[in-house]
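The next block holds one structure in the form of structure tokens; read it before the comments.
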Amino acid sequence: MSYSALVFNGKFVYGFSEVHEQALISCDAIHHERRILLKQEIGRMVLFFTDQPSLLAPNIQMVFSALALAQCEVIWFFQHVGIASSKSKVARMVPVDIDPNDPTIGFLLDGMDHLCCLVRKYIAVLKDFTSFNAAIRGYALSYLSSCAGRIRFLLGTPGMVALDLDATLKTLFQQIINHLENIPKPQGENISAITCDLSGFRKDWLSILMIVTSARSSINIRHLEKATVSTGKEGLLSEGNAAYNWSRCVDELESQLSKHGSLRKLYFYHQHLTAVFRNTMFGPEGRPQHCCAWLGVASSFPECASPIVPEEVTKIGRDAVLYVESLIESIMGGLEGLINILDSEGGFGALEMQLLPEQAAFYLNNASRVSIPSAKSPKGAVAYPLPGHESYPENNNSIKMLEAAMQRLTNLCSVLNDMEPICVLNHVFVLREVSTDMFQVGYLYPANLLGKLDDGSTEYMRECILGNFRRRLLSVLKTDNDLQRPSILESLIRRHMNIIHLAEQHISMDLTQGIREVLLLETFSGPVSSLHLFDRPAEQHTGSATEVVCNWYIENIVKDMSGAGILFTPMHKCFKSTRPVGGYFAESVTDLGELQAFVRIFGGYGVDRLDTMMKEHTAALLNCIDTSLRSNRELLEAVAGSMHSGDRIEREACLKQIVDLDTIIGFCIEAGQALAFDKLLAEAAGAVLEEGAPLIYSLLAGVVKHIPEEIPEKREIRRMRGVANGVALAGDHDSEWVRSILEEVGGANDGSWSLLPYLFATFMTSNIWNTTGFNVDTGGFNNNIHCLARCINAVIAGSEYVRLAREHHQRQLLSNGHVGNADSLDPDMRVSAEASIKSAMQLFIKFSAGIVLDSLHESNRSHLVAKLVFLDQLCDISPYLPRSSLEAHVPYAILRSIYSQYYANSPLMPMALLSASPRHSPAVSLAHASPIMRQPRGDSTPQYSANDSGYFKGSSSHSQEQLYDAESANLRGVENKHRNVRRSGPLDYSSSRKVKYEGSSSGGTGPSPLPRFAVSRSGPISYK
């Protein structure tokens, strides 16, 4: 090769390389413009032919052309997306810059899918044909019939005669005319019955084209065109080609549709398909309705397999199934994402934002100042936007985002609901259908079985929506700090349910039933002890949500394991804390409103689970009391004997030998906290039952009033009483609750339990009283000692009921040799039990008051006030003691003096009794039956502690001793003075107080306050 030839070839190769590189750079832009054009045109064609289907048949060739061009563009896109080319000389990679986020691909796939559906709709391939279904075939037959005359006319024109065709061409043209003239004529409804094979016609026409395009033929294609174009009509070639194309619409219409509308070649790029789908489906220009087309592509993947290679069929089929599952996973993820966007604080949460009272007050103050031009904006006002800021134009983006998310969610649900089943080999994917056998009443199933159908297919939408609801429920149970408030949790669940109900309107399935099943699955903790008779299975699934919430309440409220200073406040009926428990103070999660929200969320199963956990905890505490009674039995018997004999020295000696007294007191206080919390839970459950099922509540309330008062009780009566006690309809909740615990664990089965009043009386010698102070704001003490009163009352009453029932049972065994039947029940046993309980309680009051007064001396009176108020509260809360029981041992004037100091000025602010000096202690003379009050010396202005106006703050250990020095004065004058100002303490002089046990005798020799005390048993409550 010469040098000039080498130079020429080098320039040619270099020029070809430059052209190739330029083509690579510009190809994406060119094809992108084509895709945009096809997107617009195919979209118009779908709308047009959907509205005018009768025009589809005359324009079927245009539809096939559009499908062919769209198919070419889609395949080109996936052939080049992410692919790189190289230069031949330097082997340098030149990337093809194709955007995988191009949304036009989804539009093309969706448009092709719609066009193919329209064509299939009017192809006569069904058994029951109609004239409309055979429109395309009928139009093609009519066109071919008319085409025969036009071709015969063109063959007889002067131009064709002058060409002097050879015998072969003449024969072929004659056969073409014969084929067309022999086509059956379409006759309305009989089009479906016409059968004809036009493959011979197409074969002859192709033979003519091969001859006239051959260089050896004397008649070429240009001669035929010029010979017939002078007629002013279509030339012979145009007519023949048109007839060839229309003939395929008669007997090869399905194959043409499969050829131009199939995308089976995309199997080789299915990984790119998945990536592009994820990038475009839920993008700014993505459309939910495109997902059907993306999924439908997989149906043609198995066509790429060769039937003679079984391994290839298996591999391609598996890849097609994995592709569909991957896309469905992405679609379901997008569905979850749309639901979660609407469920976020920036979604519907922004529309449901509620203000706390202090925030509302700040808003009002800020708005009033801003309205005054001269007023300066308050500091920090920028953190609180003014009301109505959502309607400002600059804040419209959030509303637009909500509208777009709602529109996409409803569109996606509608599309998935209307989507046809996707068949890939022997796999059928249905995104909406539900198997009716799975959801029978009372059927519980684990979450991983949600959506699995009996026929082997998978119901994805239900699994997606309900699975997301379950995950959302478990995620909102706790915040970053700790447990979510039940009221907030309830609002979040309701918000999510509203979004699901919005989607349910566009889906042919019952999602409401599914939500109930998920909630039941997460709250079910076994049979309710007082309602269900069946035993709990050994491996019964327990709702994780219920476990999380109940464990939190037990550990942080009842046990106070975090050391937050949990205190029960009887006046407010809630628990309070000195510091936050997690993210909230205790009152934010324990008041009746929050507990009612807990009941509405978790229902009876949640209430029963929490009640069971508290019973288990209380049973352990009662076992500690039993252990203490057994270990100190001899000492307690000695204490009881010394108390009855009046031997003070022996009593004190025995009391000092009792070990771990403060520990037992702590256990009893903790048990009292559990009693208080369970009472609040029962009241909340009763309120929810009355609101949701008032007829059942009223029926239960009426039945409880007529339950026979018998000991021992029948099993059915015990169950009924337990149900009533669970909704706060029983008379004495605490004693019934403790009684049920002792019956379950077999407690109080030892004779040492008869010493229970003496054990409780020894609590008066504990050092815990030295740091105990009464708080008027809460109606309790600073160390929860008032819960000890609930425990004492409940344990004594419950143990007496259990003891008498057991004794009755033993007598029946000894007398009859078997357990007595229902006729042997003694109705007087209930009266005997109440008398026994009353006797034990009075015994406790008597000896406790004696220990308190005997331990009093001039140098130490700090414990007196707390102990007397404690005993007075016990008489108030116990239904077995009249309020006047304490007066037989402690003059009422002492209590009246104590309470009048607390409530002297303001019922909302506790009096600070600061000093422990006798000069500033209650002027109580124990040498006389009635106290001697002295006038204050110097400044008589009372001292108060500042109201914290926030969370609970207990009184200090010295806050009970602020008293003025007492001058000698007549008690009657002091009483008259206090009667005039109506400051006689926390006594409500009304006829609404309890009068179950009337009458008491005063042990004092002075003026007795008994007439007023007998009708005033309200306890330390503030005046109105």
Inset, instruction - Taking the residues in region 311-324 that are of a type outside the set (Ser, Thr, Tyr) and free of Cβ contacts under 8 Å to residues at least 40 places away in the same chain as candidates, determine which candidate is surrounded by the most Cβ atoms within 10 Å (Cβ to Cβ). - result: 313
Legend entry - Qualifying position, being surrounded by fewer than 24 Cβ atoms within 10 Å (Cβ to Cβ) and part of a helix (DSSP H, G or I), among 759, 755: 755
Inset, instruction - Return yes or no: is residue 264 surrounded by fewer than 21 Cβ atoms within 10 Å (Cβ to Cβ) and either touching a strand residue (DSSP E or B) at 6+ places or on another chain (Cβ under 8 Å) or under 22 Å from residue 115 (Cα atoms) (or both)? - result: yes
Legend entry - Tally, over region 57-116, of residues that are of a type in the set (Val, Ile, Thr), surrounded by fewer than 21 Cβ atoms within 10 Å (Cβ to Cβ) and at pLDDT 85 or above: 1
Legend entry - Failed item, numbered, when residue 308 is tested on (1) assigned to a helix (DSSP H, G or I); (2) surrounded by fewer than 16 Cβ atoms within 10 Å (Cβ to Cβ); (3) free of Cβ contacts under 8 Å to residues at least 12 places away in the same chain: (1)
Legend entry - Residues located in region 775-801, provided they are buried (at least 24 other Cβ atoms within 10 Å of the Cβ), of a type outside the set (Phe, Trp, Tyr) and either in contact with a Lys or Arg (Cβ under 6 Å, 6 or more places away or on another chain) or at pLDDT below 85 (or both): 798
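Limited to region 865-898, what total is found for residues that are in a helix (DSSP H, G or I), aromatic (Phe, Trp, Tyr) and farther than 18 Å from residue 669 by Cβ?
1
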Legend entry - In region 729-751, the residues that are hydrophobic (A, V, I, L, M, F, W, C) and surrounded by 19 or more Cβ atoms within 10 Å (Cβ to Cβ): 729, 730, 737, 738, 741, 742, 748
Inset, instruction - Return a yes/no flag: does region 610-627 have any residue that is closer than 23 Å to residue 686 by Cα and basic (Lys, Arg). - result: yes
Legend entry - Some residue of region 702-717 being farther than 18 Å from residue 880 by Cβ and in contact with a Ser or Thr (Cβ under 9 Å, 6 or more places away or on another chain): no
Inset, instruction - Could you list all residues from region 558-584 that are within 23 Å of the chain's Cα centre (by Cα) and surrounded by 17 or more Cβ atoms within 10 Å (Cβ to Cβ)? - result: 581, 582, 584
Legend entry - Residue list for region 468-502, filter: acidic (Asp, Glu) and either assigned to a helix (DSSP H, G or I) or crowded, with 18+ Cβ neighbours inside 10 Å (or both): 490
Inset, instruction - Take region 546-555 and flag every residue that is crowded, with 22+ Cβ neighbours inside 10 Å and not hydroxyl-bearing (Ser, Thr, Tyr). - result: 549, 550
Inset, instruction - Answer with yes or no whether residue 239 is at pLDDT below 90 and part of a loop (DSSP other than H, G, I, E, B). - result: no
Legend entry - residue 314 β-branched (Val, Ile, Thr), at pLDDT 85 or above and either in contact with a Gly (Cβ under 9 Å, 6 or more places away or on another chain) or farther than 21 Å from residue 73 by Cβ (or both): yes
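The values are calculated or read from the model by the stated rules, or taken from the named source; none is laboratory data. Quick caveat: nothing in here was measured; it's all calculated off a predicted structure. Methodologically, a virtual Cβ is constructed for each residue, glycine included, from the backbone with ideal geometry; neighbour enumeration extends over all protein chains shown.
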